[in-house]
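Asks: The structure follows.
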Amino acid sequence: MVETVTEFGQLFGIAAGVILVIAYIPQLRRLYILKRAEEISLGLFIMVGFGSVMYVSYGLYIHDWIITLTNGSILSVNVTLILMKLYYDRRNK
């Protein structure tokens with residue numbers, strides 16, 4: 001029973017991580033299509049980025065690859081969104 005619960009917990013964690021990363025795709029797509037980012041809050045993505053760095057560090061510390069990989073992916077998407085925002089804000093001045 002314990003092995004089943006552990007396997008379920010891992011699958012649940014993987015599914016949650018995939019959903020969290022996929023959740024950013026609509027925003028990335030919208031930024032790319034509109035080529036402007038005035039309505040995007042830079043502060044939000046910076047804070048989420050810092051939180052992701054902390055979670056990646058935590059995942060590495062406890063040797064949990066699900067936490068590390070999920071938050072590393074979220075951090076990558078956040079950096080991409082921040083760079084897109086800065087680029088489009090500068091370009092559209």
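Just so you know, all these numbers are worked out from the coordinates, no wet-lab data involved. Predicted model only: the values in this text are computed from it and were never measured. Neighbour counts run over all protein chains shown; Cβ positions are idealised from the backbone, glycine included.
Asks: How many residues are exposed (fewer than 14 other Cβ atoms within 10 Å of the Cβ) and more than 14 Å from Gly49 (Cα to Cα) when one looks only at the stretch 77-93?
Replies: Result for the stretch 77-93: 6.
Asks: Within the stretch 60-70, how many residues turn out to be free of Cβ contacts under 8 Å to residues at least 40 places away in the same chain, within 16 Å of Val18 (Cα to Cα) and out of contact with any Leu (no Cβ under 6 Å at 6 or more places or on another chain)?
Replies: 2
Asks: Moving to a separate point now. Right, Arg36: under 22 Å from Lys93 (Cα atoms), among the basic types (Lys, Arg) and surrounded by 13 or more Cβ atoms within 10 Å (Cβ to Cβ) or not? I'd like the intermediate steps shown before the answer.
Replies: On the way: under 22 Å from Lys93 (Cα atoms): yes; among the basic types (Lys, Arg): yes; surrounded by 13 or more Cβ atoms within 10 Å (Cβ to Cβ): yes.
Here the answer is yes, as Arg36 does meet what is asked.
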